[in-house]
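Taking it in order: structure first as structure tokens, then the write-up.
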Amino acid sequence: MISYRHSERKRRIFTGLAALLLLGWFFCLPRNLFKGTVYSTVVESAEGELLGARIAEDGQWRFPPADTVPERFARALVQFEDRWFRWHPGVNPVALVRAAVDNVRAGRVVSGGSTLTMQVIRLSRGKERTLRQKMIEAVQATRLELRCSKREILALYAAHAPFGGNVVGLEAAAWRYFGRPASELSWGEAATLAVLPNAPATMHPGRKREALLRKRNRLLERLLRHGDIDPDTYEAALAEDLPEAPLPLPGWASHYVEHCPRGERTRTAIRLPLQKAVEAALDLRSEELAREGVADMAALVIDNRSGEVVAYVGNASPGRQRPGMQVDVAASARSTGSILKPFLYAAALQEGVILPRTLLPDIPVNLGGFAPQNFDRQFYGAVPADEALARSLNLPSVFLLREYGVPKFHALLQKVGLTTLGREPSWYGLSLILGGGEARLDQITAAYSSLVRDYLSAPEGNGSWNPVALWYLFEALKEVNRPDELDWRLIRSIRKAAWKTGTSYGFRDAWAVGMTPEYTIGVWAGNAQGQGVPGLTGARTAGPALFDILNILPESPRWFPEPSGLSGNGEESVFASVCRESGFLAGPDCPDPEDILIPRAGEESDPCPYHKGGDFVLPPAMEWFYRSHHPEYSGARSASTESEIQFIYPSAGSILYLPRQMSGAVEGVVFRAAHHKADATLWWHLDQTYVGETRLIHQLRLAPSVGRHTLTVVDSEGNTASVGFTVAASH
């Protein structure tokens, strides 16, 4: 009885110890073997090809682990390191015994007997190679075999094995030594890399090359004996040269790579063939502009369906040394010039502030010291809204923004993704539409792309823009031809695109953005350090590059479908009767109006204010400039209900700074007025003091004192007009 109890106790103790050992064995392996290991930043194209990489934080070229190992390398590695890898449970007792015998005979360590699984454990632990550590490796190797498949164990080894110098892992080694992915290695190259981890410090390519060559060739011979390669392949592999010094990694879309998550492998939407073509085209154009003092250029292409960037050049011609060459201009805030005008046009259309061809004033204006001018320094009196956009006229845009509202437009720009407009709307004021703010090329291009995406999604009703407003926007931008800049028809292209240019103050920034149903292209040209260049304009510098890129892209098989054909558009649009001459809703006196499709909000817009009793009559200031560009304009008035006189300059509330001569004498300012009657005489009064008269051309130079003033003009029939302004002290 006592003997039975003693036996039972021993059995329980043995069972308990076995359970503890089994439990210890089960939990002996960390969940993440390589926790804390830092990896290189690896960025791939949409096709899975390497765009570029950045070294890991510890100074090693160590690519993030892959799921598989190329077959050639796997076979070479197994033949060289662990021929029984496919069958053993993590430890090969025969190999351990053989290694012990070899070491005793040699009197030193000449063989380790470690399996590939044990080497994975050793790589993860980073401990010294002692007998105790080898025992731990053996135990953990058996546990790793239970957790992972043989394929996964090979992948762990390939990702973390040393390959000489600061190169760690198969993929990094394949690129650094052979300039290609591991999947494309030849048998000779795979065999070379298979022998390197065995002694990476002494077998680094470039040192002891003969020893490396002998090791590689012995491995190739073994592969031949075991039937992994045929004799022809064996002979071809023997003839392959060893790698020289490590090669540089690919550098496509180099600035884009910098924006990708650090220490991770990222698959982007960049299309490598397109990226290469865009870089080549932009480099060529940039080299031409460099001779004119325009050192830098950036561009990107967005797929409108997905909204993803498919080509990105942060700064062209990286091989040309100059200040600012490393700046990613595509992600830098730059003065916008006129590039934001399309958003104002579309928003004003959408909300019924204007109709597609509403006449906008194009006359001099001075708003609290802000006195914008058109690029060509001319005034056109009145210009249809779509034409003003296509010609990028500044004054009509300023008048339109004043009517639409700066705060509302500022909020819209932030909504479409322009994060750089962080100041209060009042800080920008009306200059916001002419480059008073800064934006990034990548964000501007994305915002334009969102317009196309909204339009194409109209049938699903998912867009935030009115499709009719966007249709008129695309139509206006399709024939962009600014009189101050290059006629785009002279560019080597017949591709159709809706496009817009912009030029910032001081000729510092040139912009061009183009849209097709499939792609949106954004281009910037200038100097990264900000210096201006005379003649640097959007259409002359950025525009040609835009069409270069457009020629590279697959040709669009279609144009934007007309909004009347978009299903679900009925609630957002309506046909309305519109005056052909003014572009406003037709009034009772408008002759021969036309019915056009407009956004529904346009039904609430103003009726035509310029037809009275059948005559088309503009206000005097608009008329004065309009007449010189429109000889057909008669301007007959059937009634005197409208003002006969209007000040052209200054506008009400202006702040004027009087120029001085070199001697210090005040030159004065030329004040201008317009009268409907060409032969009218005007008598001028400054603060109720008579100062002169004019006939035919109503201009008078005055030098008012500093302070507030009122200028009044009177004609022979008693019609008057007055304007208040302030003269500020000159600095």
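The values are calculated or read from the model by the stated rules, or taken from the named source; none is laboratory data. If you're wondering where the values come from, they're calculated on a predicted model, not measured in any experiment. Virtual Cβ from ideal backbone geometry, glycine too; neighbours counted across all protein chains shown. Only protein heavy atoms, including side chains, enter the accessible area calculation; ligands, DNA and RNA are left aside. Shrake-Rupley method; radii C 1.70, N 1.55, O 1.52, S 1.80 Å.
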Problem set entry | Principal-axis tilt of helix 394-404 within the chain, Cα atoms, nearest 10 degrees | 90
Exercise. Nearest 10 degrees, 0 to 90: what angle lies between the long axis of helix 116-125 and the longest principal axis of the chain (Cα atoms)?
Worked result: 60
For this session: Enter the accessible area of ASP606 (Å², nearest 10), with the probe set to 1.4 Å and all protein chains included.
Result: 100
Problem set entry | Percent carbon-and-sulfur accessible area, the range 403-452, ignoring ligands, DNA and RNA, probe 1.4 Å | 50
Seminar exercise, completed: The farthest towards the positive end of the charge dipole of the chain, of the residues ALA190, LEU434, GLN140, given +1 on Cβ of Lys and Arg and -1 on Cβ of Asp and Glu, is GLN140
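By the gyration tensor of its Cα atoms, with a ≥ b ≥ c the square roots of the eigenvalues, what is the shape of the range 298-359: rounded for a/c under 1.5, prolate for a/b over b/c, or oblate?
Working: a/c = 4.23, a/b = 2.13, b/c = 1.98.
Verdict is prolate for the range 298-359.
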Exercise. What distance in nm separates the simple spin-label points at SER705 and VAL38, each placed 7 Å from Cα in the Cβ direction?
Worked result: 7.2
For this session: Take the alpha-carbon centre of the range 347-366, take the same for the range 655-730, and report the distance between them in whole Å.
Result: 29
Exercise. Roughly what angle does helix 467-478 make with the longest principal axis of the chain, taking Cα atoms, 0 to 90 degrees, to the nearest 10?
Worked result: 80
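Can you give the FRET efficiency for ARG580 and ARG322, using 1/(1 + (r/R0)^6), R0 = 60 Å, r = Cβ-Cβ distance, to the nearest 0.05? Show your work: numbers first, answer last.
Numbers: r = 53 Å, r/R0 = 0.89.
After rounding to 0.05, the efficiency reads 0.65.
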For this session: Would you mind putting 311-323, 291-303 in packing order, based on average other-beta-carbon counts within 10 Å, highest first?
Result: 291-303, 311-323
For this session: List the lysines whose Cα lies under 23 Å from the Cα of LYS677, skipping any in the same chain that are fewer than 8 positions away.
Result: LYS612
Problem set entry | Shape of the range 256-353, Cα gyration tensor, a/c cut at 1.5 | oblate
Exercise. Ignoring ligands, DNA and RNA, what percent of the accessible area of the range 144-236 is carbon or sulfur (1.4 Å)?
Worked result: 49
Exercise. Between GLU44 and residues 5 or more places away or on another chain, which pairs have amide H atoms under 5 Å apart, with H built 1.01 Å from N, and which residues are they?
Worked result: LEU51, THR266, ARG267, THR268
Exercise. So who's got an amide H within less than 5 Å of the one on THR115, skipping anything under 5 residues away but keeping other chains? H placed 1.01 Å off N, in plane.
Worked result: ASN92
Exercise. Roughly how many debye, to the nearest 20, is the charge dipole of the range 276-384 about its Cα centre, given +1 on each Lys and Arg Cβ, -1 on each Asp and Glu Cβ, and no other charges?
Worked result: 140
Problem set entry | Rotationally averaged projected area of the range 331-379 (alpha carbon convex hull; nm²) | 5.4
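With a 1.4 Å probe and all protein chains left in place, how much accessible area per residue does the range 612-731 have, in Å²?
Per residue, the range 612-731 has an accessible area of 54 Å².
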For this session: Find the all-direction average of the projected area of the Cα convex hull for the range 512-600, expressing the result in square nanometres with one decimal place.
Result: 10.3
Exercise. What does the accessible area per residue of the range 205-287 come to in Å², with a 1.4 Å probe and no ligands, DNA or RNA counted?
Worked result: 56
Exercise. Going out from 0 in 10 Å bins, what whole percent of all Cα-Cα distances in the range 311-422 drops into each bin?
Worked result: 12, 36, 28, 17, 7, 0
For this session: Would you please give the FRET efficiency between ALA728 and GLU479, computed as 1/(1 + (r/R0)^6) with r the Cβ-Cβ distance and R0 = 35 Å, to the nearest 0.05?
Result: 0.25
Exercise. What does the highest-first list of 611-623, 137-149, 392-404 look like by mean Cβ count within 10 Å?
Worked result: 392-404, 611-623, 137-149
Exercise. Where the only charges are on Cβ atoms (+1 Lys, Arg; -1 Asp, Glu), what is the dipole of the range 573-715 about its Cα centre, to the nearest 20 debye?
Worked result: 740
Problem set entry | Packing rank of 240-251, 268-279, 156-167, where each peptide gets the mean count of other beta carbons within 10 Å, highest leading | 156-167, 268-279, 240-251
Problem set entry | Dipole axis of the range 578-640 (+1 Lys, Arg; -1 Asp, Glu on Cβ), positive-most option in SER628, GLY602, PHE616 | SER628
For this session: For every helix of n ≥ 4 consecutive DSSP H residues, a contribution of -39,500 (n - 2.57) applies; sum these over the chain, divide by its total residues, and give [θ] at 222 nm rounded to the nearest 500 deg cm²/dmol.
Result: -10500 deg cm²/dmol
Seminar exercise, completed: Along the range 56-61, Karplus-curve 3J(HN,Hα) (6.51, -1.76, 1.60; θ = phi - 60°) to the nearest Hz, with x for Gly and Pro, reads 5, 4, 8, x, 9, 8
For this session: Among the listed pairs LYS341/LYS408; LYS341/LYS415; LYS35/LYS150; LYS134/LYS208; LYS341/LYS496; LYS415/LYS478, give every one whose C-alpha distance is greater than 23 Å.
Result: LYS134/LYS208; LYS415/LYS478
For this session: Decide, for the range 659-731, between rounded, prolate and oblate: order the square roots of the alpha carbon gyration tensor eigenvalues as a ≥ b ≥ c, take rounded if a/c falls under 1.5, and otherwise choose prolate if a/b is larger than b/c, else oblate.
Result: prolate
Exercise. In nm, to one decimal, how far is the modelled label at ARG125 from the one at HIS630, with both set 7 Å along Cα→Cβ?
Worked result: 9.0
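Size of the dipole of the chain about the Cα centre, Lys and Arg at +1 and Asp and Glu at -1 on the beta carbon, nothing else charged, in debye to 20?
The calculation lands at about 5760 debye.
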For this session: Return the long-range amide H neighbours of SER573 (sequence gap of 5 or more, or a different chain), with a cut-off of under 5 Å between placed amide H atoms.
Result: ARG600
Seminar exercise, completed: Under the 7 Å Cα-to-Cβ spin-label approximation, TRP87 and THR266 lie apart by a distance in nanometres of 4.8
